[in-house]
Every structure is written in C-alpha cells, then in structure tokens.
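What follows is a single structure, written as structure tokens, with notes after it.
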Amino acid sequence: MQRFSIAVIPGDGVGQEVVPAALRVLEAIGPRYDASFDLKAFDWGADYYFHHGRMMPADALEQLRPMDAILLGAVGDPQIPDHITLNGLLLPIRRAFDQFANVRPAILYDGVPSPLARPGAIDMVVVRENTEGEYAQVGGFVYHHQPEEVAIQTAVFTRRGIDRVVRFAFELARKRNKQRRVTSITKSNAQGFGMVLWDRAFQAVASEYPDIETESLLVDAAAMNFIRRPESFDVVVASNLFGDILSDVSAILTGSIGLAPSANLDPTRRFPSMFEPVHGSAPGIAGRGIVNPLASILSAGMMLEHLGLEEAGRSVERAVAGVLAEGKFKTPDLGGTSHTNEVTSAVIDRIAG
C-alpha cells in the first residue's frame, strides 16, 4: 500500500467545512486504489493571527517541507486586511516551495446552468505564473502614512520564470489532447518591458511545439473572448495578475466559483504542492452547512493525480460529474437546497459504485 503524508490546513470560514468533506472523499477512495493518507492538521489562519499576530508560525515552512502535499481550505477574515492574509500564508508557501504553476480547470458539467454556454462547451485550464510577475512584492512606501505618501509596486518578469510556466502550459495541452491550443495573455501594447519579454519567450517556446496551435491575446481582448467564445479556449497561460482575474471569470462561466478547484504546483516535485478551492472563506455563509464542497473535493482529486494516483483522481471527477448531472443534490449556489454533507455523501456513494 502506498502511503502519503498530507498537510491539512482548513483555515478560515467555510474552509472548516469543505476540507472535512474532501477528507471524507479521500478516506473513501484510498482503499480502492491501495493508498492511505497520513494527515497532519495545522490550525493556521485568522484565529492563529488573532492569538499570535501572524497567520502561521515562524517555522511553518519547515513543518510543511517534508509533506507529500498540502490541502488548504481557505484563509481570510473580515477583520484582517487581505494583504496580510495573502502575504502571511499563501504567498510564502507558494514562493518557498517554488509552486510556479497555478492550475485552474474550468469545465461546464452536465446539469450545471451557465449564463453563456451549453454543457460540455467549456473545458479549459488557466495556467497562471504563480511566483513572480505583478505579485512579486517588490516595492515600498515613501512618506509612509503622511499626506504625500508614495507607493511603488514593481512587477518582476524573468526569462526563466516565463519559459518554465509557458513550457508547462504546452506540455499540459499535449497531455489533455483536446483542442491542442495554448493561448498566451499579455498587455504588451501598454506594458513595453515585462510583457514584451513574455511575448518573445512565448514565441520561442512555441517553436518547440509545432503540434500545438497558438494564440496571443491582449488581456482586455481575452476578457471579451472568454465571454464571447469560451468554447474556443483549451490551455490559457498568463501572468500572476492576469491569470488570477481570468480564472475567476472562467469559474463563473462554468456555473459557480463553488465548482472551481486549483493546484499550486512545483512540477519538479522538489517540494510539496498545494491544492485548494478558490472560493475563499465566504464568511457570509460560514457555519450554515450550505457551502458547495465540490471545489474542495475536485482539488483533492487534482492532488491524487499529482501524487501519481491518476485513476483515483479521475474517479473523483467522474463522481462529481455524475452528482451534478443527476441534479438531485445541489447546494444553493447552484440553485438547490442541499447541505454540504448531503452533496459530499452523494459523491462518496458514486465512488463506492
């Protein structure tokens, strides 16, 4: 039997509800694929911040380093500024473990209404550069908290960083074997340095993949075309900021951000990768038992695939797709009245066959 060590960070708000749902699915599927999971829970997030003045302990990264993977719920609290949340937990983990490829699938499943498209018409993946770009946190303040205050925020683009995430996108397009198209997103008409470097790097890497069709779009045109022709996208590769924004658009196109999983990957596997739903802590519905657990469950499925349990991961997605197509169990974000536990149990029943 294969054993995997999983760091579990439920975090805040609905993270405390969707992570237990994902763990129930892992518990159900492990024996079917001769796998077991050694779970280690970490109570980091807003409550930790309120008691200690930081989102996680000083040695948090060393505690996570030996793990095979990290399963995260959500972090964030209305009483804590978002930049503290992001820079106190998420970004340090992504950077320290070189999780340079953020992967966010967007699939319109049968049984899920979309404002734009018919089921099956949307099946794309947004690959977001995850460690540099606009979120590099290079800059500072001058005349801090004075009327003349100045803030400088610098985006950092390196040829190494662009090459590796673009190459990852091309390899993913080959693996998916769907439209075999990679679309690059920039704003190089207005950002004449970092984005121009991105365009040049994209073209150079694309020359290594003559079997893959390419497209380059400015981000404003991409936002328009996500709405106008979402079915035309296969793999989309973008910088940290542009990928962040467009992947939220793709999530809503496919029915609900409650169906949007993600992976923060170190494709070299030197360090643990992190898997999380992208819906955030959703304090408005936390504790009511109605949050959609499927994004977290799908994130756990992506984790299984990354750990080499590819058929187990596909089994999780098939179970989720089956529950959505049947339409019997739907949380309120999808127009239903089911509770989190009911939807989770329906997925587990389908895995059990």
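Values in this text are rule-based calculations from the coordinates and carry no lab data. Keep in mind the model is a prediction, meaning the values are calculated, not measured. For neighbour counting, all protein chains shown are included, and Cβ atoms are generated from backbone atoms with ideal geometry for every residue, glycine included.
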Margin query: I'd like the Karplus ³J(HN,Hα) series for segment 342-352: coefficients 6.51, -1.76, 1.60, θ = phi - 60°, whole numbers in Hz, and an x wherever there's a Gly or Pro.
Written below: 5, 5, 4, 4, 5, 5, 4, 4, 6, 5, 5
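What relative contact order, as a whole-number percentage, does the chain give when Cα pairs under 8 Å and 6 or more residues apart are counted? Spell out each step's value before the answer.
Working: 737 pairs, mean separation 80.5, N = 353.
Normalised by residue count, the contact order of the chain is 23 percent.
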Notebook entry, point to check: Using a Gaussian network model of the chain with C-alpha springs under 10 Å, which one of Ser36, Ser281, Ser296 is most mobile by mean-square fluctuation?
Noted result: Ser36
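Mind pulling the per residue volume of the convex hull built on the Cα atoms of segment 123-253? Å³ is fine. Spell out each step's value before the answer.
Numbers: hull volume 15.4 nm³, N = 131.
It is 118 Å³ per residue.
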Next item on the list: Extending each Cα 7 Å along its Cβ direction at Asn189 and Leu116, get the distance between those two points in nm, one decimal.
Entry: 1.9
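Can you tell me how much longer the chain between Asp82 and Arg200 gets when fully stretched, taken as 0.36 nm per residue apart minus their C-alpha distance, in nm with one decimal? Kindly include the intermediate steps, with their values, before the conclusion.
On the way: separation 118, 0.36 × 118 = 42.48 nm, distance 3.38 nm.
Value of the extension gain: 39.1 nm.
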Note to self: Just to be sure I understand: with springs between alpha-carbon atoms less than 10 Å apart, which residue in Tyr143, Tyr48, Tyr33 has the highest mean-square fluctuation in the Gaussian network model of the chain?
What the structure shows: Tyr143
Next item on the list: Please give the contour-minus-distance gain from Glu311 to Asn225: 0.36 nm per residue of separation, less the Cα-Cα distance, rounded to one decimal in nm.
Entry: 27.6 nm
Check: What ³J(HN,Hα) values, in whole Hz, does the Karplus curve 6.51 cos²θ - 1.76 cosθ + 1.60 give for segment 143-151 when θ = phi - 60°, with x put for Gly and Pro?
Finding: 6, 4, 6, 10, x, 8, 3, 10, 10
Check: Normalised by the number of residues in segment 123-253, what is the relative contact order in percent for Cα pairs under 8 Å and 6+ residues apart?
Finding: 38
Next item on the list: Quickly estimate the mean residue ellipticity at 222 nm for the chain, helices only: each DSSP H run with n ≥ 4 gives -39500 (n - 2.57), and the total goes over all residues, rounded to 500.
Entry: -11500 deg cm²/dmol
Notebook entry, point to check: If each of Leu241 and Met1 carries a label point 7 Å out from its Cα toward its Cβ, how far apart are those two points in nm?
Noted result: 4.9
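What is the extension gain from Arg160 to His144, computed as 0.36 nm multiplied by their sequence separation minus the C-alpha to C-alpha distance, in nm to one decimal?
On the way: separation 16, 0.36 × 16 = 5.76 nm, distance 3.39 nm.
Gain on stretching Arg160 to His144: 2.4 nm.
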Notebook entry, point to check: Given springs between every Cα pair under 10 Å in a Gaussian network model of the chain, which of Phe97, Phe141, Phe329 has the largest fluctuation?
Noted result: Phe141
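As an exercise, use a Förster radius of 51 Å and the Cβ-Cβ distance of Lys175 and Ile152 to find the FRET efficiency, rounded to the nearest 0.05. Spell out each step's value before the answer.
Working: r = 40 Å, r/R0 = 0.79.
According to the calculation, E is roughly 0.80.
Over segment 67-180, what is the relative contact order in whole percent, taking alpha-carbon pairs under 8 Å and six or more residues apart?
Averaging sequence separation for qualifying contacts and normalising by length gives 18 percent for segment 67-180.
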Notebook entry, point to check: Quick one: putting +1 on the C-beta of Lys and Arg, -1 on the C-beta of Asp and Glu, what dipole do you get for the chain around its Cα centre, in Debye to the nearest 20?
Noted result: 720
Next item on the list: Calculate one ³J(HN,Hα) per residue across segment 326-337 by plugging θ = phi - 60° into the Karplus curve 6.51 cos²θ - 1.76 cosθ + 1.60, and present them in order as whole Hz with x for glycine and proline.
Entry: 5, x, 6, 10, 9, 6, x, 5, 9, x, x, 10
Next item on the list: For segment 293-314 and segment 162-235, write down the distance between their C-alpha centroids in whole Å.
Entry: 25
Notebook entry, point to check: Near Lys187, which lysines are there with a Cα under 29 Å away, not counting those fewer than 8 places off in the same chain?
Noted result: Lys175, Lys178
Next item on the list: Neighbouring Cβ atoms within 10 Å as the yardstick, rank Tyr49, Tyr209 fewest first.
Entry: Tyr209, Tyr49
